[in-house]
Structures are given as C-alpha cells and as structure tokens.
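A short write-up of the structure that comes next.
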Amino acid sequence: MVSEKVQSKSVCVIGAGPSGLVGARELRKEGHNVVVLEQSHDIGGQWLYDPKVEGEDPLGKNTFLKVHSSVYASLRLISPREIMGFTDFPFVTRKGRDSRRFPGHKEVFLYLDDFCEWFGLRDMIRFNTRVEYVGMVDHAKLGKDLRWIVRSRDLKSDKVVEEVFDAVVVATGHYSYPKLPSIKGMDTWRRKQMHSHIYRVPELFQNEVVVVVGNSLSGADISVELVDVAKEVHLSAKSLDITEGLSKVISKHENLHLRPQIDSLSEDGRVLFVDGSSVIADTLIYCTGYRYSFPFLDTKGMVVVDDGRVGPLFEHTFPPSLGPALSFIGIPQKIIGFPFFESQAKWIAQLLSGKRSLPSWHEMMQSIKELYHSKEEAGVPKHHTHVIAGDFETYRDVWEDGDEEILEVAYQSPHFTQFGLHTE
Ligand SMILES: Cc1cc2nc3c(=O)[nH]c(=O)nc-3n(C[C@H](O)[C@H](O)[C@H](O)COP(=O)(O)OP(=O)(O)OC[C@H]3O[C@@H](n4cnc5c(N)ncnc54)[C@H](O)[C@@H]3O)c2cc1C
C-alpha cells in the first residue's frame, strides 16, 4: 500500500556495519532524523578487521563480546564483487587497491568507507557507543504511541546515556556470538579450546596438533592454512561425505586428516572420534557457526531467539506486534547481503514515513505461520528458518516496481551490448 503523506521520525539504528549504514542512508533519504550507535571505533562491522583478540573469552561466552568481527587475516570474499555492492554504488575496482574479483576483507572495508564518504554518513554515527538496553517507553500503551528507550554506554568515558526514539532498527549482525557443540569432557579439557570467532592467523599454531571442528567455509579455510605451520591438522566433520574440492585438498597434504565427529575429550588431551580413532591434540578450534544474540533487547517476550529462529518476524524484518517501530536488518542467511539489506532499509524507511503500511497483525502472523509450516514440511530444521529460499510457485512471475528500469540499465552494459545484438 502506498500513500503520499510523509512523516518524519526519530530513529536509532544500532550498528554501523553494512546493514546499519545502508539503513541510515535510506532513513535519512526518506526524511527521518537518524542516529547510529556503534560500539566500535569505526564503521564496517565484520569488515573492520580486529587483530586484537587477547581480551576475548576464547569460546565467546560473554554477554557482550569484546571483539565483534570474526574475520581472519587471509579471508577473501565468497562471492564476486560485481554482485556485492549496493544498487547505486557498485563495488568497482580502484587504482592501487585489491582489484581481484574475490578481494580480501580490507577491500570490502574500503568499499564501505567510500560509501560513507560518498553519501556523507559519518556525521550520523556515534562511535565507541555500545547499546546496552532497548525497551518500550510505556508497555501499557502498546500500539498507541509506541516509543523506545535506548540506553547506551560511551566506552571511552564509561558514561551512560538514555534517549527516547520513535523507532529502533537493529542492525547488529549475527556472525559474532559462537554457537558451540556440546561434547562430553569439553568443560574439563585442560588444553587450548577456542572458537573461530577469535582465529586470526595460523602462526600461533606452529608445530601443534590441531583439531578443527566443522568443515563449512571457515573450517575448511582455516584447516588449509594451518597445514603449513601445524604438525597435524584433523578436520572433524559431521559427515564424511565431503565436497570434491575439499577431498582434493585433503589428499594433497600429508598432515591434513579427515575425521568423523568427536565422541569425547579426555583430561590428558586425547580427542576420541566416534569411529574409535583418537589423537592427542594441543588445540581445538570450533568452526561451528554463530548464533543470533540481542543482549540489549527487551521486548517483553514479543521477539525471542529460539534455536536459531528469531521470531516472530514478518518477512524476517518486523515483529507483527511492534513493527514498524522495531525492525531488524540483516537477519536472513545465504543471501547476497548488501542489496538485500538495502531493500529492507527502503521498506523500513517508507513504512516509518507512512508512505507504505504493513498488512494487519493477523495477516503477518498468518504469513509467519505459513513460513514455519512450509519449512517443517520440507524437513528444514528450526535453525535454518532465516535461510532464504525462493517461492517455488511464483518466482517466475514476480515483477517488482522498478525492475523494468534495472533491466534497462543492465541491457546497456557491455555484457549485453558487446556483440552488437539488438535487445528490446
Ligand atoms: C568469516 C566471515 C566471512 C564472511 N564472508 C562473507 C562474504 O564473503 N560475503 C558476504 O556478503 N558476507 C560475508 N560475511 C557476512 C557478513 O557478516 C556480512 O557481509 C555483513 O557484514 C553483515 O552486515 P551487518 O551490518 O548486518 O552486520 P555486521 O557487519 O556484523 O555489523 C554489525 C555492527 O553492529 C555493531 N554492534 C553490535 N552490537 C552492538 C551494540 N550492542 N551496540 C552498538 N553497536 C553494536 C557491531 O560493532 C558492528 O559494527 C562473512 C562473515 C564472516 C564472519
């Protein structure tokens, strides 16, 4: 639904990573008064590489983490730069910088820095400011004039400030808080255990026997770079049915071994695998993924995190009882992130200005129920609720406002024009 009446709201965006930056840009463009609160000293979120991890709990068990970014030194993008950028600010190569199609993490940070510079976003951001509490001003009046108290701490002066906003946009990311397996003996194991959240460089594992738990992207990446310095690397996978690529790498390195799941850990350093084999290890690195966590958010139970599901959220963005005054950018997984965050941001900005409106509470709840039901029917585990899958029945016919314009631009690009073929 689109309306012409435009209202300006005071909006607090939490986080100045890619989601928060594009959120702030869209909100301001729509005429809102925006403040971005960011706990780090700079923009970038995950892309603000942080080598100083000594102060962090190795298993990331603190309520508020000391380190946000989980990016390691050698990390390169998993998707090509051409599809990564925001729609009006392509991720182009720049002279003297990393011009690879799959650049390293620093290039993404520099791209975000350029984005901030181009759109003048920095003056909206308060750095070194950690949000510690977000709650409703008056729970009893819910639904009338819903407003939010935001309590934040200046991490330099330790001063706490409380402010009230019409709306809050949570853009705090979900690749920082470790998700840990539960393994017999884990609590009493005396040797080094850490999560990949604080893994940065391989040099610290010189001549060690390392067990890497989990063979997804980080697990595979980290194992492969450890083989050059460690004595032995044992990659423990849930299933031994691994990709051909990983299998090739394993066969190339004598000191890299594929192992099944861990059965238990003994106090003498022995790691016992479920097939009965074992090794004495110096270090365990858990590459077991991350969990959603919003330690500052008090919604009186209207939004909860349950086994990797943040809900209920309409279209992974609005809690039906609290939207659009409370929204989330960046919850979905396995998406082309930046353009997705941008479309969420535009939607939030226009809902807050009154240009658009949300469906009724019942319709939103119905849509959420249908999503959960379809996932259950397909045997998708709860913790994959936010893994985006296209709508099988309708995806061929979906045509959004603005698609025509985007296609027109695409048709003018060398990809379509290089052979001189006529496109209409
Ligand atoms: C190892 C690794 C590899 C990845 N590789 C890719 C890739 O190749 N391609 C890709 O597209 N994506 C990749 N990602 C995903 C990456 O997280 C997203 O690209 C993107 O950074 C998500 O943006 P975001 O703004 O939602 O969250 P983040 O980048 O995590 O930013 C969140 C921001 O919120 C701030 N914040 C959090 N809590 C608070 C608080 N209480 N108060 C104030 N500020 C707070 C943080 O400091 C941070 O700046 C990778 C992630 C990891 C960990």
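The values are calculated or read from the model by the stated rules, or taken from the named source; none is laboratory data. If you're wondering where the values come from, they're calculated on a predicted model, not measured in any experiment. Heads up, the Cβs are rebuilt from the backbone with ideal geometry, glycines too, and the neighbour counts pull from every protein chain shown.
So ARG94 fits all but one of (1) in contact with a Phe, Trp or Tyr (Cβ under 7 Å, 6 or more places away or on another chain); (2) among the basic types (Lys, Arg); (3) without any contact (Cβ under 8 Å) to a residue 24 or more places away in the chain; what number is the exception?
Unmet for ARG94, out of (1) in contact with a Phe, Trp or Tyr (Cβ under 7 Å, 6 or more places away or on another chain); (2) among the basic types (Lys, Arg); (3) without any contact (Cβ under 8 Å) to a residue 24 or more places away in the chain: (1).
Restricting the search to region 82-111, which residues are in a helix (DSSP H, G or I) and either touching a Pro at 6+ places or on another chain (Cβ under 6 Å) or β-branched (Val, Ile, Thr) (or both)?
ILE83, VAL108, listed by residue number.
Test of understanding: among ASP114, ASP123, ASP98, ASP42, which residue is modelled with pLDDT of 95 or more, within 10 Å of the ligand (Cβ to nearest atom) and of a type in the set (D, E, K, R)?
Testing whether each residue is modelled with pLDDT of 95 or more, within 10 Å of the ligand (Cβ to nearest atom) and of a type in the set (D, E, K, R) leaves just ASP42.
How many residues are in a helix (DSSP H, G or I) and either surrounded by 15 or more Cβ atoms within 10 Å (Cβ to Cβ) or touching a residue at least 60 places away in the same chain (Cβ under 8 Å) (or both) when one looks only at region 344-366?
12
Every residue in region 67-82 that is closer than 20 Å to CYS287 by Cβ and surrounded by 13 or more Cβ atoms within 10 Å (Cβ to Cβ), please.
VAL67, HIS68, SER69, SER70, VAL71, TYR72, ALA73, SER74, LEU75, ARG76, LEU77 - these are the residues of region 67-82 that are closer than 20 Å to CYS287 by Cβ and surrounded by 13 or more Cβ atoms within 10 Å (Cβ to Cβ).
Being within 11 Å of the ligand (Cβ to nearest atom) and assigned to a helix (DSSP H, G or I) is the filter here; which residues of region 327-343 pass it?
If the condition is that a residue be within 11 Å of the ligand (Cβ to nearest atom) and assigned to a helix (DSSP H, G or I), then GLY337, PHE338, PRO339, PHE340, PHE341 are the ones that fit.
Quickly run through region 220-243 and pick out the residues that are of a type in the set (Lys, Arg) and over 25 Å from the mean Cα position of the chain (by Cα).
Of everything in region 220-243, just one residue is of a type in the set (Lys, Arg) and over 25 Å from the mean Cα position of the chain (by Cα), namely LYS231.
What number of residues in region 10-39 are within 13 Å of the ligand (Cβ to nearest atom) and of a type in the set (D, E, K, R)?
2
So TYR49 clears everything in (1) more than 16 Å from the ligand (Cβ to nearest atom); (2) within 30 Å of SER196 (Cβ to Cβ); (3) touching a residue at least 24 places away in the same chain (Cβ under 8 Å) except one condition, right? Which one?
Among (1) more than 16 Å from the ligand (Cβ to nearest atom); (2) within 30 Å of SER196 (Cβ to Cβ); (3) touching a residue at least 24 places away in the same chain (Cβ under 8 Å), TYR49 violates only (1).
Do we have VAL212 as modelled with pLDDT of 95 or more, of a type in the set (A, V, I, L, M) and either closer than 27 Å to HIS383 by Cβ or in contact with a helix residue (DSSP H, G or I) (Cβ under 6 Å, 6 or more places away or on another chain) (or both) here?
Yes, satisfied.
Within region 153-163, identify whether any single residue is in contact (Cβ under 8 Å) with a residue 40 or more places away in the chain and crowded, with 19+ Cβ neighbours inside 10 Å, and answer yes or no.
no
What residue, among those in region 212-268 that are within 16 Å of the ligand (Cβ to nearest atom) and aliphatic (A, V, I, L, M), is surrounded by the most Cβ atoms within 10 Å (Cβ to Cβ)?
VAL212
Tell me which of these PRO324 doesn't satisfy, since it passes every other one: (1) on the phi < 0 side of the Ramachandran plot; (2) within 13 Å of the ligand (Cβ to nearest atom); (3) touching a helix residue (DSSP H, G or I) at 6+ places or on another chain (Cβ under 6 Å).
(2)
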